[in-house]
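Contents: one structure, followed by commentary.
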Amino acid sequence: MADDENRARGAKTLPFILLVLFFDAMGVGLILPVLPDLIKGFGGLANSDAASISGYLLFTFAAMQFVCAPILGGLSDRFGRRPILLLALAGYSADYFLMAFAPSIFWLFIARAVSGVCGATFAAANAAIVDISSEGERARHFGLTGAAVGLGFVFGPVIGGLIGEYAVRAPFIVAGVLTLLTTIYGAIAFKETLPPEKRRRFTLARANPIGGLLAMRHYPLVPLFLAVLFCVQLASQSYNSIWSFYTIAVADWTPFWIGTSAGLYGLLLAIVQGGLTGPFIARVGEPRAAMFSFIVGVGVYLGLGFASSGPMIYAMIVLGAFSGFAFPAIQAMMTARTPADAQGELQGAVASLFSLSAIVGPILMTQLFSAYTDEVGIYFPGAGFIASAMIIVIAIIIAGPACRRAAT
């Protein structure tokens, strides 16, 4: 009976959670194709200089998310998922409108800070997924969350690229309106997923990035898998940080083509994670699915590093989608080893590590890009992707023993 109730609740709740993650990703995607022109518009900067400033904008977003993610995750374990998600969504909507009307680069930094706080919805949303999923459903449901994120990266860059060709700031107004409508929908339709008997007391000792991460040491293999996810996310910062600037340097793409390329990757990732993840993991198992994704990732990053034309970039986009099995596979292995009353804390730890990677990654990737595309020294715009390939090799070294132990 309890399983039937859980499935019924999940059928009603899952669509809203996926919508939340969709808009989170869409917000990141929206800014991707228009960010170079947006920054250059404040001072006539060169592409390499604009890339450097964008790294600090991303740093601001990530630093706020790093601090706030475990707090929101812990608060969702105490008060439930619903109030945290709805408040963060409302804040996200306000952030988009602030980006749309920012009069200076300073206000862009303020907007990115607000977005970082609200972007910490990741922890509460993924914890809600765990609440409504049986252990056997978690890999498939996390695959669906990956698909939602992928679709966000389809529509966000495409909308940003299309509208950005005519008005750089208009995409943010569109996103603000859509997110506000999602908040209203959630207030009406989203029911609480965490029953009172499964809630725990909120403490600052656990609701901080370090405390939340340290709490994970009590659960078998989870710290190793968290280290692997950190490496994977750090490597992916080459996409988030320099894609627009890189494609301008390599293929001279406009916002439309930048948005189209990012949208294609999001579409392929949604197909892989939404349609292929469940069957693939069921066939080969979570450990092998993760290792397969890492190997594909190394090849794709190297290919992008040495790409010299648009068609070569598109070929790597297609291959790169097949690295999308890693996150749902690792999430499934971690959640299976974490108790129900710590799932929000686990997702807070995951979000904190993602934010930490987004603190380090943009600075690393944009400074590498700027150093190798200015007028001094070697011209090599793909340097950041070579660094990403090296980071994934480190992830493979860490993941190997952990995956072998998880398979036994």
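What follows draws every value from the coordinates through simple rules; no lab data is involved. Here the structure is a predicted model, which is why all the values come from computation and not from measurement. Please note: Cβ atoms are built from the backbone with ideal geometry, for glycine as well, and neighbour counts cover all protein chains shown.
A dipole drawn for segment 67-204 from +1 and -1 charges on Cβ atoms has a positive end, and of Gly186, Tyr96, Ile71 the residue lying farthest that way is Ile71. Take every pair of alpha-carbon atoms less than 8 Å apart whose residues are at least six positions apart; their mean separation over the length of the chain yields a relative contact order of 29 percent. In the chain, the longest principal axis of the Cα atoms and the axis of helix 2-40 are about 20 degrees apart.
List the chymotrypsin sites (Phe, Trp or Tyr not before Pro) in segment 64-110 that DSSP assigns to loop (not H, G, I, E or B) and whose Cβ has at most 14 other Cβ atoms within 10 Å. Which are they?
Phe101
By the count of neighbouring beta-carbon atoms within 10 Å, fewest first, Val34, Val174 end up ordered Val174, Val34. One chain, two ends: Val376 and Ala113. Fully extended at 0.36 nm per residue, the span grows by 91.4 nm beyond their Cα-Cα distance. For segment 296-408, the relative contact order comes to 38 percent (Cα pairs under 8 Å, sequence separation of at least 6). Taking the convex hull of the alpha carbon positions in segment 34-191 and averaging its projected area over all directions gives 9.9 nm². Expressed per residue, the C-alpha convex hull volume of the chain stands at 121 Å³.
Directionally averaged projected area (segment 141-271, Cα convex hull): 11.5 nm².
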